[in-house]
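The values are calculated or read from the model by the stated rules, or taken from the named source; none is laboratory data. Treat the numbers as computed from the prediction; the structure is a model and nothing was measured. Cβ: placed from backbone, ideal geometry, glycine included. Neighbour counts: every protein chain shown. Accessible surface areas use protein heavy atoms only, side chains included; no ligands, DNA or RNA. Shrake-Rupley method; radii C 1.70, N 1.55, O 1.52, S 1.80 Å.
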Amino acid sequence: MTHTVQPNNPEATPAPETTDIPAAPAPAKAPSSSALPAALKRRIPKYSDLAPLMQFKKPEFSKEARLKRASTIWELRDIAKRRTPKAPFDYTDGAAEEEITLRRARQAFLDIEFRPGILRNVSTIDLSTDILGKPSRLPVGIAPTGFTRMMQSEGEYAGSQAAEAAGIPYTLSTMGTASIEDVAAAAPNGRNWFQLYLWTDRDRSLELIERAAKAGNDTLMVTVDTAVAGARLRDVRNGMTIPPALTLKTVLDASYRPAWWFNFLTHEPLTFASLSRYTGTVADLINSMFDPTLTFGDLDWLRETWKGKLVVKGIQTVEDARRVVDHGADGVILSNHGGRQLDRAPIPFHLLPEVRQAFDADNTEAAIILDTGIMSGADIVAALAMGADFTLIGRAYLYGLMAGGRAGVDRTLQILEKDMARTMALLGVSRVSELGPDHVRLLGR
């Protein structure tokens, strides 16, 4: 350290102590323009440079272009909502009461974490699987949906033909708007299943079973969660009837969606797989026709009557899953009816690991199929990893149908297939059979 004193001033006060600090380096000089790389020198652009960038694409408004722009099922839903009157759209999109079950079912798939493996050969992804004794090109099929031609005039014909082309099963509902025979004729090389609601009139049920067998359906899917109709409040608020009524409200709604009404009014009136005509609300139909006295004894009767594969849809507890297998079911469908019956019902994806563990402990070969909440191929992959043998889509397929008829259903399946292939490749998995619990983890909320 040093002290400095002003010269010729002996009484001067010493300056504060300082330390020897190196001087800051002088700021770097900006490089001269001649030193800049050529790519960093500004210049006036030439037309030849701009021309490749000025490729203005001609707007496309065709159905094919519209569907091609949809990359997710949610985007197909947006298109469907724009093109479909409110009452039929809400019938598809809605659920029971406060719709808590539906929201929870979709949230269940969001509350997962994938666990990818690395350095696996995923150059080829095989999405095929076997379900109920036969192959399926994808691990997903089309679930039964009622009144489908009300959503879009091609209805069950579009669904069954798209499933046939994709090599997956298609399920016709008892409340479908095309007959068993017509669907079989529309997709003669497809794998067709039939969904049955047991009625109070057993002779009518038996007639449907016999028709389904004669038409070549190899699987009977009996739905057991509709003892009474759920409170689907959107339908109540919309005044939803079968068929839709031309009121002032629906006429005003039609003015924004003329193509839907044109198709609806210029095609054959709605008919059903199980009855020729019906006028009234969906809830009234269910409450007047479906049998609230069903027991496991009725399942025994079905097992004796139906010679093909038998699956039970609407399983929501491990105990019931085991019991229906004990009564002869070849498979169970973990489902809460898409949240359309009992609000706050168990979520199939949450139930899945428990049912898989129970079936493994029982050494049963019964198939576990899952529906409700699936909106992407990643959802399907997660379900398979958690123990499902197969999955079904209902709303996802109907969004595509409402967005573009048969082409829209094709687009739904294309989106899901691409999602599944990409997700499996990123997980380091090349075949469906390789998926397991190690690939997915449920996150806490």
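Of note:
- Helices (runs of 4 or more DSSP H) within the stretch 45-84 that include 3 or more residues in contact (Cβ under 8 Å) with a residue 24 or more places away in the chain: 63-68, 73-83
- Among residues of the stretch 411-428 that are under 18 Å from Arg77 (Cα atoms) and of a type outside the set (S, T, N, Q), those with a beta-carbon under 8 Å from a residue that is part of a helix (DSSP H, G or I) and open to solvent by 20 Å² or more (accessible area, probe 1.4 Å) at least six positions away or on a different chain give the pairs Arg411/Lys68; Asp419/Ala378.
- Odd one out for Gly444 among (1) surrounded by fewer than 24 Cβ atoms within 10 Å (Cβ to Cβ); (2) small (Gly, Ala, Ser); (3) at pLDDT 95 or above; (4) more than 22 Å from Ser136 (Cα to Cα): (3)
- Residue list for the stretch 339-356, filter: in a helix (DSSP H, G or I) and either free of Cβ contacts under 8 Å to residues at least 24 places away in the same chain or open to solvent by less than 10 Å² (accessible area, probe 1.4 Å) (or both): Gly339, Pro348, Phe349, Leu352, Val355
- Among the candidates Met424, Met386, Met375, the residue that is among the aliphatic types (A, V, I, L, M) and open to solvent by less than 10 Å² (accessible area, probe 1.4 Å) is uniquely Met424.
- Residue list for the stretch 62-80, restricted to those being modelled with pLDDT of 95 or more and basic (Lys, Arg): Arg77
- Restricting attention to the stretch 315-333, the residues that are open to solvent by 10 Å² or more (accessible area, probe 1.4 Å), under 23 Å from the mean Cα position of the chain (by Cα) and closer than 21 Å to Gly141 by Cα total 1.
- Test: residue in the stretch 361-369 that is of a type in the set (A, V, I, L, M, F, W, C), part of a helix (DSSP H, G or I) and open to solvent by less than 10 Å² (accessible area, probe 1.4 Å): no
- Filter pass, Ala361 being of a type in the set (Gly, Ala, Ser) and free of Cβ contacts under 8 Å to residues at least 24 places away in the same chain: yes
- With respect to (1) part of a loop (DSSP other than H, G, I, E, B); (2) within 23 Å of Phe147 (Cβ to Cβ), the lone exception for Tyr91 is condition (1).
- Test: Ser153 is part of a helix (DSSP H, G or I) and among the hydroxyl-bearing types (Ser, Thr, Tyr): no
- For the condition touching a Gly at 6+ places or on another chain (Cβ under 8 Å), surrounded by fewer than 21 Cβ atoms within 10 Å (Cβ to Cβ), outside any loop (DSSP other than H, G, I, E, B) and not aliphatic (A, V, I, L, M), Arg106 qualifies.
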